[in-house]
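Notes for the one structure printed next.
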Amino acid sequence: MSPPHVIVIGAGIIGLAHAVSAREAGYQVILLERDGRALGASVRNFGTLWPIGCAFGVEREQALLGVQRWKELAAKADFWIRPQGSLSLAYREEAWDVLTQFARQGGGFELLDSAETQQRFPAANGKGLRGALHSAAETVVHPPSAILALTEYARRIGVEFHFGTPVVKVHEDAVETSDGRRFRFHRLVIAAGEEMRLLFPEALAAAEVQRCRLQMMRTVPQPPGFDLGAIFVSDLTLCHYPAFRDCPATPALRARLEAELPRHRDWGVHVIAAQHEDGSLTLGDSHEYGADFVPDSFPEVEELILSALRDFVCVPELSIAARWQGVYLKSMKGQTQVVLHPQPSVTMVTAMGGLGMTLSWGLAQKTISSWQ
Ligand SMILES: Cc1cc2nc3c(=O)[nH]c(=O)nc-3n(C[C@H](O)[C@H](O)[C@H](O)COP(=O)(O)OP(=O)(O)OC[C@H]3O[C@@H](n4cnc5c(N)ncnc54)[C@H](O)[C@@H]3O)c2cc1C
């Protein structure tokens with residue numbers, strides 16, 4: 001008897017993680033992608049694998065497993081990966097309180113005072129710096145080349161790809177594509193990113209997820225010898241991720257930031273700086289929530305990101321080489337992943353928000369174990 005057929009819709013990281021993991025588990029896998037290549041959130045993000053943003057417990061374990069899988073796959077599929085760690089810098093007293101409370105939970109984090117931070121990370125802006133938390137787990141990949149290499153790897157291990165093949169309808173045991181073909185499945189994984197709403201819109205609406213649009217940019221390569229040495233974030237980011245939500249000082253930090261930086265609040269701006277292989281820095285981002293967005297990129301948002309960046313890092317070259325936008329779905333209930341079963345044998349994986357690169361492999365493993 002031939003092995004069960006798995007169909008995956010979408011060649012972003014969630015689709016690829018499911019396709020590769022299912023193939024490794026012995027399934028016959030066909031992946032159907034609407035475009036000529038993955039062009040969604042998975043090639044528009046920072047490329048930061050970010051356990052430090054994940055809540056302690058199951059989610060952090062999932063993220064750490066994800067980083068491990070990325071490293072194994074970088075070796076097998078031959079793409080650039082740099083485990084450089086993260087540096088969360090604190091300027092406001094409340095931010096320092098958040099970091100010290102966070103570090104008490106364990107996890108091997110290192111608290112550095114201002115002098116130690118500047119000595120180990122010369123790019124840190126020393127003006128008003130209270131201290132920083134260093135975490136070793138965070139890692140960077142270059143999303144466009146990593147996704148391409150993973151696609152080639154998946155093909156090599158036997159995943160069958162059909163690009164330029166939009167799925168327009170899901171039947172009980174087959175999907176129908178826009179050219180009228182039907183692909184039968186035993187298991188279907190829908191990883192259609194923000195276009196998820198086109199398939200099973202009622203299930204998605206009931207799950208209370210919303211669209212979020214983000215503005216991003218990349219600098220020109222920094223001069224030779226300039227090395228951030230870690231992924232840099234600061235006070236604003238501590239109010240963004242679930243990991244810091246339960247620190248007793250977080251509400252006070254949030255209140256202070258909202259009072260001091262109201263336009264950052266309005267645009268949902270927090271700032272990450274991640275350095276890539278060519279020396280450029282990927283910078284972002286803003287968060288606009290809603291059903292529909294105007295197409296414009298806003299210079300004000302860019303300036304808000306750059307002004308916040310200058311407060312915590314001294315970058316020699318801030319000329320911008322590229323600007324882009326990304327959209328993802330996010331849970332309105334604070335979940336970092338939403339898994340739906342609108343039909344038996346159908347798994348919709350969505351709403352991974354800003355942690356999809358980090359959590360994808362662990363989630364794929366869970367989906368596939370649930371089939372056995
Ligand atoms: C600006 C930005 C920054 C981010 N930063 C990070 C980060 O640093 N770290 C992190 O962990 N996460 C980050 N994320 C989140 C992460 O990028 C996403 O959670 C993840 O990429 C979602 O992957 P996906 O496969 O679900 O979606 P996508 O990458 O959007 O892929 C979905 C694919 O499905 C295809 N598709 C849609 N409909 C159909 C159909 N009907 N038929 C066939 N194909 C279809 C699309 O063409 C697309 O290729 C960021 C996201 C953004 C936007």
Margin query: With only alpha-carbon pairs counted, each pair once and no self-pairs, how large is the Kirkwood hydrodynamic radius of segment 182-328 in angstroms?
Written below: 17.6 Å
Checklist line | Residue-wise HN-Hα coupling along segment 285-300, computed from phi with Karplus coefficients 6.51, -1.76, 1.60 (Hz; x: Gly, Pro) | finding: 8, 10, 9, 10, 10, x, 8, 9, 10, 5, x, 5, 9, 10, x, 4
Checklist line | Loop-located GluC sites (Glu not before Pro) in segment 287-355 whose Cβ has at most 15 other Cβ within 10 Å (DSSP) | finding: Glu317
Check: Which whole-number percentage describes the relative contact order of segment 109-202, with Cα contacts under 8 Å and a sequence gap of 6 or more?
Finding: 15 percent
Notebook entry, point to check: Three principal axis extents, largest first, for the C-alpha atoms of segment 93-236, in Å?
Noted result: 65, 40, 29
Item checked: the chain - charge dipole about Cα centre, Lys and Arg +1 at Cβ, Asp and Glu -1, debye rounded to 20 -> 720 debye
Next item on the list: Report the antiparallel proportion of the DSSP beta bridges in the chain as a percent, rounded to a multiple of 5.
Entry: 70 percent
Note to self: From the convex hull of the Cα coordinates of the chain, what is the mean projected area in square nanometres?
What the structure shows: 18.2 nm²
Notebook entry, point to check: Put a dot 7 Å past each Cα toward the Cβ at Lys71 and Glu116; how far apart are the dots in nm?
Noted result: 2.3 nm
Check: In whole Å, how far is the Cα centre of segment 7-41 from that of segment 62-134?
Finding: 31 Å
Margin query: Less than 13 Å Cβ to Cβ from Ala11, Lys/Arg counted +1 and Asp/Glu -1: what total charge do the surrounding residues give?
Written below: -2
Check: Which whole-number percentage describes the relative contact order of the chain, with Cα contacts under 8 Å and a sequence gap of 6 or more?
Finding: 26 percent
Next item on the list: Please give the length that would be gained between Glu195 and Asp179 if that part of the chain were fully extended, namely 0.36 nm times their separation in residues minus their C-alpha to C-alpha distance (nm, one decimal).
Entry: 3.9 nm
Checklist line | segment 301-372, relative contact order in percent, only Cα pairs under 8 angstrom and at least six apart counted | finding: 21 percent
Item checked: Neighbourhood charge, 10 Å Cβ-Cβ cut-off, centred on Asn125 and excluding it, Lys, Arg +1 and Asp, Glu -1 -> +1
Check: Could you give the angle, 0 to 90 degrees to the nearest 10, between helix 250-260's Cα long axis and the longest principal axis of the Cα atoms of the chain?
Finding: 70 degrees
Checklist line | Gyration tensor over alpha-carbon atoms, segment 1-108, equivalent ellipsoid semi-axes in Å | finding: 35, 16, 13
Margin query: Using +1 at the C-beta of Lys and Arg and -1 at the C-beta of Asp and Glu, which of Pro221, Leu281, Leu204 has the Cα lying farthest in the positive direction of the dipole of the chain?
Written below: Leu204
Check: Once the convex hull of the C-alpha atoms of segment 158-210 is built, how many Å³ does it hold per residue, rounded to a whole number?
Finding: 104 Å³
Check: Out of residues 5 or more away from Ala321 or on other chains, whose amide H comes under 5 Å of its own, with H placed 1.01 Å from N in the peptide plane?
Finding: Arg218, Thr219, Val220
Next item on the list: Just the number, please: Stokes-Einstein D of segment 29-177 in µm²/s, Kirkwood Rh from C-alpha pairs, 37 °C, 0.692 mPa s.
Entry: 180 µm²/s
Notebook entry, point to check: How large is ³J(HN,Hα), in whole Hz, for each residue of segment 218-223 in order, when computed from phi with the Karplus curve 6.51 cos²θ - 1.76 cosθ + 1.60 and θ = phi - 60°, using x for Gly and Pro?
Noted result: 9, 7, 5, x, 6, x
Notebook entry, point to check: If we count every other residue with Cβ under 15 angstrom of Asp227's Cβ, Lys/Arg +1 and Asp/Glu -1, where does the sum land?
Noted result: -1
Checklist line | Backbone HN-Hα couplings from phi across segment 268-277 [Karplus 6.51/-1.76/1.60, Hz, Gly and Pro as x] | finding: x, 8, 9, 10, 10, 10, 10, 8, 10, 4
Note to self: Can you list residues from other chains, or at least 5 along the same chain, whose modelled amide H is less than 5 Å from the amide H of Val209?
What the structure shows: Met332
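Readers should treat all values here as calculations from the given coordinates under stated rules, not as data from a laboratory. Bear in mind the structure is a predicted one, so any value in this text is a computation, not a measurement. Cβ atoms come from the backbone with ideal geometry, glycine included; neighbour counts cover every protein chain shown.
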